[in-house]
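Everything below concerns the one structure shown next.
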Amino acid sequence: MPDILQEIYKDRLPLAETMKKHKGIRTIVEDLYPDSAHFIYELLQNAEDTHATEVCFSLEKERLIFEHNGRDFTENDIWAITDIGEGTKRNDDDKIGRFGVGFK
């Protein structure tokens, strides 16, 4: 695992533990997007927000690979997508993902 992903994992672990312990918080977040396949829409939304015109899903035995031809994810994007309410699109009214809940 690349260093940045390890760093983010360690940083986000307390948030995950809090959501496990305090089920009400988790329920509120989950109720915003009750569809279990919602992450597919989130991937498409993020691709659109980076001006992608093409996407590709590859389903393998133990993973899903998603690629698009938009702007690459930055380190800030990874931090934002793994936190609640801290998206990078908050002030971009033309971006679909400006609410910062999405993948959570």
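The values are calculated or read from the model by the stated rules, or taken from the named source; none is laboratory data. Predicted model, so just to flag it, every value in this text is computed and none were measured. We place every Cβ from the backbone using ideal geometry, glycine too, and count neighbours over all the protein chains shown. For accessibility, only protein heavy atoms count, side chains too; no ligands or nucleic acids. Shrake-Rupley method; radii C 1.70, N 1.55, O 1.52, S 1.80 Å.
A few points about this structure:
- Amide H contacts of A52 (H built 1.01 Å from N, in plane; Pro and chain starts excluded): G70, R71 sit under 5 Å, all sequence-distant by 5 or more or on other chains.
- Note on region 1-40: with charges restricted to the Cβ of Lys and Arg (+1) and Asp and Glu (-1), its dipole about the Cα centre is near 220 debye.
- When you restrict to C-alpha pairs under 8 Å that are six or more residues apart and normalise by the size of region 1-68, the relative contact order lands at 16 percent.
- Full-stretch length increase - Q6, E75 - with 0.36 nm per residue and alpha-carbon distance subtracted: 23.6 nm
- Counted residue by residue at 0.36 nm each, then reduced by the alpha carbon distance between them, the extension gain from T53 to A16 reaches 10.0 nm.
- Length gained when the stretch A37-R63 is fully extended (0.36 nm per residue, less Cα-Cα span): 7.9 nm
- Per residue accessible area of region 1-43, 1.4 Å probe, in Å²: 80
- Each residue was assigned an accessible area with a 1.4 Å probe, and for H51 the value is about 140 Å².
- If only the Cβ of Lys and Arg carry +1 and only the Cβ of Asp and Glu carry -1, the dipole of region 24-72 around its Cα centre is close to 120 debye.
- Ranked order, S58, S36 - accessible area, probe 1.4 Å, largest first: S36, S58
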